Amino acid sequence: MTTHPLRIAAYLFLGLLLSACAPKFPPPGEVSDLRLLPQKTGWYVPSLGESEPLLSAQDQQHLAADFLARFFAPWDDWNEESAGGLDLFWGLRHYQDREVYGENLLPVPAGWLEEMTRRSAPELFPSLVHPAVTVGPTSLRVLPSFAPLFNDPASAGQGFPFDMLQNSLIPAGTPVRVVHASADGAWYLVTAPHVSGWVRPWEVAWVDASFMEAFRGADLIAVTRDHEVARTPQGMYALHGRVGMLLPRSDAPAPAGMVAVLTPQRRADGWAESHTAFLSEQGAEPWPLPPTVDGYVRVLDGLLGQPYGWGGMYENRDCSALVQDLQALFGIAMPRNSRAQAQAGRVVDLSDLDAAQKERRILEHGVPLLTIVNLPGHVMLYLGPDPASGRPVVLHSIWGLRIEEPGARGPRVSTPGRWVLGRTVITTLTPGAELPTLIRPQGLLVERVTSMTILGE
């Protein structure tokens, strides 16, 4: 049977009419901000001259001294009394009487918390206490388990990638203190700068007084690019670096274009040894870096587009890890989570302002690259005004924007209730404003901004 030409024309007309009336959605993972705003940090930051610092030498020296005190704190004298203020077993209480889900997205079996309590053995704390150092990228877990734990995956903003047992990620060469061991010895509970959690024994190595003295007394080298490979004098792999990682400088001569560093290696008996390795000069510089616009821009441009990593999952970064690792290069110590970061400098309250007033206040008082814009559960780095619109522009690692549950109004391209961006991006304070399903006003980030924090003051 053939179809009449008039019927074909009617079908085409109807299709065009329906498509004209349908909501317009960008491609998955995109919003108009990402199309209209150049994803180049230096496009927005007011130029101060290539070598003019954002901080005075005196201010940076003071901040760097504070950073080192915090960085090496896990190696300082420790006793059970000094640990009294640390709530190291909070996860056991937090998950009492809560329904949680496992890697198969089904409720975890009854008795899982009892098993976690048995492994953690809090009644024996502290069962093992000794200073140590990480020998590779190390995930700190809330409980002694690598199995993920999710809140209800069917709820908006829950499920993947929010493994609630993933506390943080710390790089190789981080001073830690082991303060406890699991009942079977397969996990160590450690305190690290700004964070604590459970790690595998082979991820850390014991350090003695001579190791700690050599590390503390050496000039430090900062890794300024992710995926930088440190190689032995024989050209073999030693470890890979990431932005925010600090290693002692080695006195060994380095080949042209390379920097010699000391890398921690774990011996078969569990103790640490330092071995010389070489990093490219393009990805490693003396710490702290000069706090110039050029220095910040070079680092940030290398991080743009990196996938979002809740708690450092898959060795990526979430919003607060991005801020922490960036500022560490310049000697500014930042807490690990967004709530604490919002209090880590001079706080300017924005909570009683409307959206337009918030943007004006940020433009008037924000210091580009040294100002964090805060909302509950999220932080963003202020870059400066958009040259085209004059609106404030921020850089942040973001998972997604709040939208209505996917259904008839749009394609299911996101997790429930979220339009996923899933990476480090440059946006205004209203990314996704064009989305028909964006929940208003809560879906607009600017509506939930509560304050900005100016660092170094």
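The values are calculated or read from the model by the stated rules, or taken from the named source; none is laboratory data. Since the model is a prediction, treat every value here as computed from it, not as a measurement. Heads up, the Cβs are rebuilt from the backbone with ideal geometry, glycines too, and the neighbour counts pull from every protein chain shown. Quick note on the areas: whole protein, heavy atoms, side chains included, nothing else; ligands and nucleic acids left out. Shrake-Rupley method; radii C 1.70, N 1.55, O 1.52, S 1.80 Å.
General remarks:
- Inter-site label distance for A186 and L124 at 7 Å from Cα along Cβ, in nm: 1.4
- Between S389 and I439, the C-beta separation translates, for a Förster distance of 35 Å, into a calculated FRET efficiency of about 0.90.
- The chain - percent relative contact order, Cα under 8 Å, separation 6 or more: 18
- Surface accessible to a 1.4 Å probe, per residue, for the residues of the chain, Å²: 46
- Calculated FRET value between D87 and A268, using beta carbons and R₀ = 51 Å, to 0.05: 0.90
- Model label sites at Y314 and F160, defined 7 Å from Cα along the beta-carbon direction, differ in position by 0.9 nm.
- The stretch between R200 and A214, if pulled fully straight at 0.36 nm per residue, gains 2.5 nm over its current Cα-Cα span.
- Förster-model FRET efficiency, 56 Å R0, R346 and T232, C-beta, rounded to 0.05: 0.80
- The Stokes-Einstein estimate for the stretch 284-406, based on a Kirkwood radius over Cα pairs and taken at 37 °C with 0.692 mPa s viscosity, is a diffusion coefficient of 211 µm²/s.
- Expressed as a whole percent, the accessible surface of the chain that belongs to carbon and sulfur atoms is 55, based on a 1.4 Å probe.
- Computed on the Cα atoms alone, the convex hull of the stretch 108-201 gives a volume of 103 cubic angstrom per residue.
- Against the chain, whose longest principal axis comes from its Cα atoms, helix 5-21 is set at around 50 degrees.
- Hull volume per residue, based on the alpha-carbon atoms of the stretch 338-457 and their convex hull, is 102 Å³.
- Alpha carbon centroid spacing (whole Å) that separates the stretch 303-332 from the stretch 133-163: 16
- Note on Q61 and A147: the extension gain reaches 26.7 nm, defined as 0.36 nm multiplied by sequence separation minus the Cα-Cα distance.
- Placing +1 on each Lys and Arg Cβ and -1 on each Asp and Glu Cβ, with no other charges, gives the chain a dipole about its Cα centre of roughly 1380 debye.
- For the chain, the longest principal axis of the alpha carbon atoms and the long axis of helix 57-71 meet at an angle near 70°.
- Spin-label model distance (nm) - K40 vs V100, 7 Å beyond Cα toward Cβ: 4.6
- Eigen-decomposition of the gyration tensor built on the alpha-carbon atoms of the stretch 307-354 gives equivalent ellipsoid semi-axes of 23, 15, 8 angstrom, largest listed first.
- Computed over the stretch 230-329, the ratio Rg/Rh where both radii use C-alpha atoms and Rh is Kirkwood: 1.00
- Here, the chain is characterised by an Rg to Rh ratio of 1.02, where Rg is the alpha-carbon radius of gyration and Rh the Kirkwood radius.
- If the chain linking A110 and R70 were pulled fully straight, counting 0.36 nm for each residue of separation and taking away their Cα-Cα distance, it would gain 10.4 nm.
- Coordinate range along principal axes, alpha carbons of the stretch 72-131, Å, largest first: 44, 24, 18
- Ranked from largest to smallest solvent-accessible area, with a 1.4 Å probe on the protein heavy atoms, D208, D352, D163 come out as D352, D208, D163.
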